[in-house]
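Everything on this sheet refers to the single structure shown next.
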Amino acid sequence: MTTERVRWGILGAGNIARTFVGDLVAQGLEVAAVASRDARRAAEFAAELSIPTSYGSYEALVADPGVDVIYIATPQAFHAEQALLAIDGGKPVLVEKSFTNDAPEAERVVAAARAKGVFAMEAMWTRFLPTADAIGDVLERGSIGELVSVSSSHFQNLDVAPTSRHGNPELGGGVMADLGVYGVSFASRYLGEPTSMLVDGEASELGVDLSASVLLRHGAGRTSATLTRMDAPGSNRAAVVGSDGWIDIDSVFYASTSFTVYDGGRGQRELLRFDKPQHVGRGMQFQALEVERCLSAGELESPRMPLDESIAIMRTLDQVRARIAAARSSSVSR
Ligand SMILES: NC(=O)c1ccc[n+]([C@@H]2O[C@H](COP(=O)([O-])OP(=O)(O)OC[C@H]3O[C@@H](n4cnc5c(N)ncnc54)[C@H](OP(=O)(O)O)[C@@H]3O)[C@@H](O)[C@H]2O)c1
């Protein structure tokens with residue numbers, strides 16, 4: 001890196017990129033450039049968010065010596081190809097969730113990053129929120145005993161038309177890639193990769209998964225449950241259950257939020273109430289701060305979102321989707 005201040009480059013001038021840039025700027029971080037396939041869209045995005053440089057091609061962004069790290073904010077279908085573009089150009093990369101289209105793509109990205117000695121991380125922003133840190137503290141103190149189970153629900157009313165990002169298989173659409181990944185990542189964070197699963201769900205005519213109920217076994221009798229669908233809103237709460245108590249995480253569990261810790265003894269006492277933390281923006285800056293910490297420490301991946309875990313999460317998503325597809329083809333042929 002050429003400067004002490006990390007200069008971010010934004011690849012894709014869309015919806016989540018706008019929120020990400022807003023959060024970084026509000027936190028005092030530096031966004032140096034944005035690229036879109038469309039030079040005018042990039043220029044408008046740059047003007048709106050006071051970004052000094054805009055490009056009409058992703059290659060130009062990667063080649064800019066004034067950019068230290070690239071944030072990829074495009075639909076899932078393009079993450080691997082664009083991450084490889086950045087890595088090939090020697091640029092560290094933060095890749096929106098889900099990390100790639102599938103596990104083989106994730107393996108290719110990780111292998112390329114490791115071969116080139118370039119930092120890469122999945123942008124699972126939830127893990128870096130102050131709420132997640134506070135939950136980690138509760139678990140470390142042993143307040144709820146041995147972890148045995150986690151559960152979460154993630155429902156949103158999204159546009160699932162075949163032309164939309166969520167409904168189009170060509171864009172990597174599907175509920176598991178967009179919403180279910182939060183629940184799977186949440187379970188993975190606390191319980192590791194599953195050893196077996198039970199899955200039910202529905203897919204569209206185009207084979208895009210629309211809803212999923214996912215029960216995972218993680219070994220040693222530990223379990224997780226993820227309920228998700230993208231045609232209805234929901235409370236989107238979660239729970240972390242231990243042998244001596246539990247944590248109820250308030251809506252929206254994957255964002256900056258509050259939680260309550262309960263002692264599971266006879267009185268089921270409230271042990272701790274954690275209020276929603278005060279910070280600027282939505283909270284997408286915390287993952288960026290972790291990237292900047294890793295870069296300044298010379299770390300090629302974050303211990304808080306390891307690359308092997310991102311691959312494992314993609315493996316789980318692939319297996320869930322394969323089961324939904326198999327259930328659909330057997331019900332269609334019946
Ligand atoms: N962390 C979160 O809370 C969160 C929330 C929402 C989404 N996401 C993730 O962020 C990513 C982008 O989601 P989004 O809602 O921001 O998407 P979006 O606004 O629909 O698209 C973002 C950008 O992707 C490129 N793009 C869109 N459609 C394309 C197509 N058909 N072919 C090629 N490129 C296309 C465009 O880049 P150009 O500007 O270059 O044309 C567009 O500006 C997804 O991976 C999603 O899962 C994360």
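The values are calculated or read from the model by the stated rules, or taken from the named source; none is laboratory data. The shown structure was predicted, so the numbers you read here are calculated from the model rather than taken from an experiment. All Cβ positions, even for glycine, are placed from backbone atoms using ideal geometry, and neighbour counts span all protein chains on display. Areas reflect the complete protein model, heavy atoms only, side chains present, ligands, DNA and RNA absent. Shrake-Rupley method; radii C 1.70, N 1.55, O 1.52, S 1.80 Å.
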| query | Which ones in region 285-306 are in contact with a strand residue (DSSP E or B) (Cβ under 7 Å, 6 or more places away or on another chain), of a type in the set (A, V, I, L, M, F, W, C) and outside any helix (DSSP H, G or I)? | reply | MET305
| field | Subset tally (residues that are open to solvent by less than 50 Å² (accessible area, probe 1.4 Å) and within 16 Å of the ligand (Cβ to nearest atom)) for region 252-280 | value | 6
| said: Looking only at region 143-164, how many residues end up being open to solvent by less than 20 Å² (accessible area, probe 1.4 Å), in contact (Cβ under 8 Å) with a residue 60 or more places away in the chain and not aliphatic (A, V, I, L, M)? | reply: 2
| Within region 302-334, which residues are touching a helix residue (DSSP H, G or I) at 6+ places or on another chain (Cβ under 7 Å), acidic (Asp, Glu) and not assigned by TED's automatic domain parsing to the domain that holds SER211? | GLU309
| request: Just give me the residues in region 211-244 being touching a Phe, Trp or Tyr at 6+ places or on another chain (Cβ under 6 Å), outside any loop (DSSP other than H, G, I, E, B) and open to solvent by 60 Å² or more (accessible area, probe 1.4 Å), in sequence order. | output: ARG229
| request: Could you tell me whether region 117-139 includes any residue that is away from the ligand (no atom under 15 Å from the Cβ), without any contact (Cβ under 8 Å) to a residue 60 or more places away in the chain, touching a Leu at 6+ places or on another chain (Cβ under 7 Å) and open to solvent by 10 Å² or more (accessible area, probe 1.4 Å)? | output: no
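Quick grid of which residues meet (1) open to solvent by 10 Å² or more (accessible area, probe 1.4 Å); (2) hydroxyl-bearing (Ser, Thr, Tyr); (3) within 16 Å of the ligand (Cβ to nearest atom); (4) farther than 21 Å from ALA123 by Cα:
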residue	(1), (2), (3), (4)
ARG5	yes, no, no, no
ILE10	no, no, yes, no
VAL21	no, no, yes, no
ARG41	yes, no, yes, yes
| note | Heads up, the helices (runs of 4 or more DSSP H) in region 91-210 (entirely inside) with at least 2 residues that are under 19 Å from the mean Cα position of the chain (by Cα) and assigned by TED's automatic domain parsing to the domain that holds ALA225 are 130-140, 181-191
| field | In region 48-75, residue surrounded by the most Cβ atoms within 10 Å (Cβ to Cβ) [restricted to those that are in contact with a strand residue (DSSP E or B) (Cβ under 8 Å, 6 or more places away or on another chain) and part of a helix (DSSP H, G or I)] | value | LEU61
| field | Residue that is crowded, with 17+ Cβ neighbours inside 10 Å and at positive phi, where the choices are GLY167, GLY174 | value | GLY174
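Can you tell me which residue within region 23-35, out of those that are free of Cβ contacts under 8 Å to residues at least 60 places away in the same chain and surrounded by fewer than 24 Cβ atoms within 10 Å (Cβ to Cβ), is nearest to the ligand (Cβ to nearest atom)?
Taking the candidates together, the pick is ALA33.
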| said: If I ask for residues that are of a type in the set (Asp, Glu) and closer than 17 Å to GLY221 by Cβ, which ones from region 237-265 would you list? | reply: ASP244
| message | Given (1) surrounded by fewer than 15 Cβ atoms within 10 Å (Cβ to Cβ); (2) assigned by TED's automatic domain parsing to the domain that holds ASP137, identify the lone condition not met by GLY298. | response | (2)
